[in-house]
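These notes are about the structure you will find just below.
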Amino acid sequence: MALSKELAAEIEALAGKYPQRRAALIPALHRCQETLGGWISPQTMEDLAALFGLEPVEVFGVASFYPMFHLKPVGEHVVSVCHNISCDLRGAREVLEHVCRITGAPVHGTSPDGRFTVETVECQGACTSAPMLDLDGVYHEDLDLGKVDEILGRLV
Amino acid sequence: MKTFPTYLLESSGASGAHRLAVYRERGGYRALEKVLKTPVPPAQVIAEVKASGLRGRGGAGFPTGLKWSFMPDPQKDPRPRFLAVNADESEPGTCKDRVLMERDPHGLLEGALIAAYAIRAGTAYIYVRGEYRTSYDRLQAAVDEARAASLVGQRILGTDFSCEVHLHKGAGAYICGEETGLMESLEGKRGHPRPKPPFPAGSGLWGNPTTVNNVETIHNVPFIVDRGEAWFRSMGTPASTGNFLCGISGHVEKPGVYELPFGLSAREILEEVAGGVWKGRRLKAWFPGGSSTGLLPASAIDARMDHDSIKAAGSMFGTAAMIVLDDQSCVVRASHVIARFYDHESCGQCSQCREGTQWLSQIFGRIEEGGGLPDDLATLEGLARGMAPGKTICALSDAAAIPTLAVIKHFRSEIEEHIRLKRCPFQIEGSARRAPQAVGAR
Ligand SMILES: Cc1cc2nc3c(=O)[nH]c(=O)nc-3n(C[C@H](O)[C@H](O)[C@H](O)COP(=O)(O)O)c2cc1C
Ligand code: SF4
Ligand code: FES
């Protein structure tokens, strides 16, 4: 199965920003992940390879280098908790434990009901409002456990 | 508290400050217009920036005008030329570029256009870290507005100068903030830094002359052009001119990103700007400029925050991201968190870095958890010395080695105590607890 016409056209437009098409590969991977279920499937890699004139393994080589790309299916919601220094100093471990407790997901895993994937991430540039988590691409900062309840409580 | 003239965050409170109309009302794009319509020759823009003393805000403090002057003469070298704005901000503790991009995207855009004009680049890419969605959206809206107003694209403001500006989204790898890793990544590859030489000015994006500058660096440029180099030098110290954005995080009462002149003492910043150490506690240690800069003990807090003074104090100015540790925190735990980060982010090309970061992380981890071996201190020191300085393709290896050597230098006895007691001697806020077990690394 190839990429939809719309998505292929969008990627084509991205490629127009660069003197060499390949430069659009990472932005294209983003668009695929955003629109095709939150992860990059082997099929997506094959489709992108065809579009860019690359071998699928080259696309895999790039996708696997970048932590934002999920190469396995994820839950309905992805919760990324920063565990780097500024967040650690202000309670990131407690936040992470709490997130796992509420969602039922292990760190770097998905809850049995498929609702949540929880992961740790490195510094997200929210250090002066630490600790923080990213829920489905939106930052939540200045966290305490009550705020975590509020943010995730809406979803569980 | 003393007050200082500000300019970088001048507009930050204003509503709609990120919109073109509001930006123009406060004099936005005046500098670009002056340069293009006078016209000021590119060499003169470079000379002005050189004279201002502006130094790069991306971590190395390299003089910006000098960097621009490395670009080859376009008369002799007809290759296309590029500007790459480094908005990959991911040095732990650092969140200043995000503030600028979210609040003042046109400021960055105007700076990028003037920089591109000065180095005669026809295309500028802004490499924005993938997680910064708001920054990206604000910048994209700014580029669209600017294009509609003839400020981006062909024949800008009706002059001969044309410049395309494109945003490029990264995907979460710290190493892509290193300038040659950034270029590889922008070309659609793994972010593997390139050996230098050749330097980007000679062979950068797709083998063409390229200048890479940090967001905050570029943000300073319109102000220098508009108000003059003498004005710029009136702030800061002779060797570190202008204001800088100081992000102060960790155990302080008022963490935040503050605009300050170079040369204030770190004590003034900690106590007067950031409200002091939180919870009435005392200072134990602090990083002056992000996790790559060696931590300093409390006794060094009177050092001034400028490149030379922090160097004299035994560390580095870095990204001016001060990270503060109170007297109840554990430097071994902090070292483990940082070492784990470099292990995760090493691109793996150089064995010293690939293996070294892994060992540093493992050893700090086992010391913190009570499994440290008597030889571990010597092992850490030996590893770090084997990783730096300048032994690898890029400076990530140094960035991991430097904080290791610093913690050993200033807190040797605390590490020894961990090893001797077979546990962390600090019992606060979960420091002795193990992190939840990771299931499968990613
Ligand atoms: C491992 C590593 C990571 C870096 N990350 C960044 C970054 O996130 N942002 C940045 O502007 N510079 C970063 N740098 C510095 C860049 O290589 C480069 O010096 C800088 O972007 C140049 O801009 P400037 O001269 O305006 O400071 C990093 C360097 C290294 C070695
Ligand atoms: S020093 Fe580390 S991050 Fe830099 S190129 Fe070598 S292995 Fe990669
Ligand atoms: S350390 Fe968590 S956002 Fe920077």
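Assorted remarks:
- Loop-located chymotrypsin sites (Phe, Trp or Tyr not before Pro) in segment B:1-109 (DSSP state other than H, G, I, E, B) with a sparse environment of at most 16 neighbouring Cβ atoms within 10 Å: B:Phe70.
- Peptide B:145-151 has a mean of 0 when you count, residue by residue, the C-beta atoms of other protein chains within 10 Å of its C-beta.
- Solution diffusion estimate, µm²/s, Stokes-Einstein, chain B, Kirkwood Rh from C-alpha pairs, 25 °C, viscosity 0.890 mPa s: 108 µm²/s
- Sorted by Cβ neighbour density within 10 Å, fewest at the top, the residues B:Lys189, B:Lys67, A:Lys5: A:Lys5, B:Lys189, B:Lys67
- Counting Cβ atoms of other protein chains within 10 Å of each Cβ in B:187-193 and taking the mean gives 6.
- The protein assembly as shown - share of DSSP beta bridges that are antiparallel (%, nearest 5): 45 percent
- Given in Å, the Rg to one decimal and the Dmax to the nearest whole number for the Cα atoms of segment A:15-138 are 16.5, 48.
- Across peptide A:76-89, the average count of Cβ atoms from other chains found within 10 Å of a residue's Cβ is 6.
- Farthest positive-ward along chain B dipole, Cα basis, beta-carbon charges - from B:Leu283, B:Tyr132, B:Phe161: B:Phe161
- Working note: Karplus 6.51/-1.76/1.60 with θ = phi - 60° gives segment A:39-48 the couplings 8, 9, 7, x, 4, 4, 5, 5, 4, 5 Hz, where Gly and Pro are set to x.
- Sites matching chymotrypsin sites (Phe, Trp or Tyr not before Pro) across segment B:302-367 that sit in DSSP coil, with at most 15 neighbouring C-beta atoms within 10 Å: none
- Global size of segment B:324-365 as Cα Rg and Dmax, reported in angstrom: 11.7, 38
- Radius of gyration and Dmax over the Cα atoms of the protein assembly as shown, both given in Å: 23.5, 73
- Cα gyration tensor shape of segment B:121-214, rounded if a/c is under 1.5, else prolate or oblate by comparing a/b with b/c: oblate
- Highest average packing first - B:140-146, A:149-155, Cβ atoms within 10 Å: B:140-146, A:149-155
- Average Cα contact separation per residue, chain A, under 8 Å, 6 or more apart, as relative contact order %: 18 percent
- Dipole magnitude of chain B about its Cα centre (Cβ charges: Lys, Arg +1; Asp, Glu -1), debye to nearest 20: 240 debye
- Tilt relative to chain B, helix B:376-387 - C-alpha long axis, 0 to 90 degrees, to 10: 30 degrees
- The Kirkwood radius of segment B:191-299, taken over pairs of alpha-carbon atoms, gives through the Stokes-Einstein law at 10 °C and 1.306 mPa s a diffusion coefficient of 94 µm² s⁻¹.
- Pairs from A:Lys147/B:Lys422; B:Lys50/B:Lys391; A:Lys5/B:Lys169; B:Lys284/B:Lys422 whose Cα-Cα separation, in the structure shown, is over 24 Å: A:Lys147/B:Lys422; B:Lys50/B:Lys391
- Cα gyration tensor shape of segment B:308-388, rounded if a/c is under 1.5, else prolate or oblate by comparing a/b with b/c: oblate
- Normalised by 2.2 N^0.38 Å, where N counts its residues, the alpha-carbon radius of gyration of segment B:174-248 equals 1.40.
- Think of chain B as a dipole: +1 on every Lys or Arg Cβ, -1 on every Asp or Glu Cβ, centred on the Cα centre; then among B:Ile393, B:Ala298, B:Gly188, B:Gly188 lies furthest on the positive end.
- Per residue, the Cα convex hull of segment B:367-429 amounts to 92 Å³.
- Solution diffusion estimate, µm²/s, Stokes-Einstein, segment A:1-61, Kirkwood Rh from C-alpha pairs, 37 °C, viscosity 0.692 mPa s: 289 µm²/s
- With all projection directions averaged, the alpha carbon convex hull of segment B:1-156 covers 10.8 nm².
- Computed over chain B, relative contact order equals 15 percent, with contacts defined as Cα pairs under 8 Å that lie 6+ residues apart.
- When Rg and the Kirkwood Rh are both derived from Cα coordinates, the Rg/Rh ratio for segment B:242-357 amounts to 1.00.
- Given +1 at the Cβ of Lys and Arg, -1 at the Cβ of Asp and Glu and no other charges, the dipole of the protein assembly as shown around its Cα centre is 940 debye to the nearest 20.
- Helix B:331-345 and the long axis of chain B differ in direction by around 50°, with both axes built from C-alpha atoms.
- Averaging 1/r over every pair of different alpha carbons in segment B:250-296 and inverting the result gives a Kirkwood radius of 11.4 Å.
- Charges were assigned to the Cβ only: +1 to each Lys and Arg, -1 to each Asp and Glu. The resulting dipole of segment B:196-286 about its Cα centre is roughly 420 debye.
- Bridges between two residues of chain A, per DSSP, are antiparallel at a rate of about 55%.
- Listed by Cβ neighbour count within 10 Å, with the fewest neighbours leading, B:Ser315, B:Ser234, A:Ser41 appear as B:Ser234, A:Ser41, B:Ser315.
No lab work stands behind these numbers, since they all come straight from the coordinates. The structure presented is a predicted model; accordingly, all values stated were derived computationally and were not measured. Every residue, glycine among them, receives a Cβ derived from its backbone with ideal geometry; neighbour counts consider all protein chains shown.
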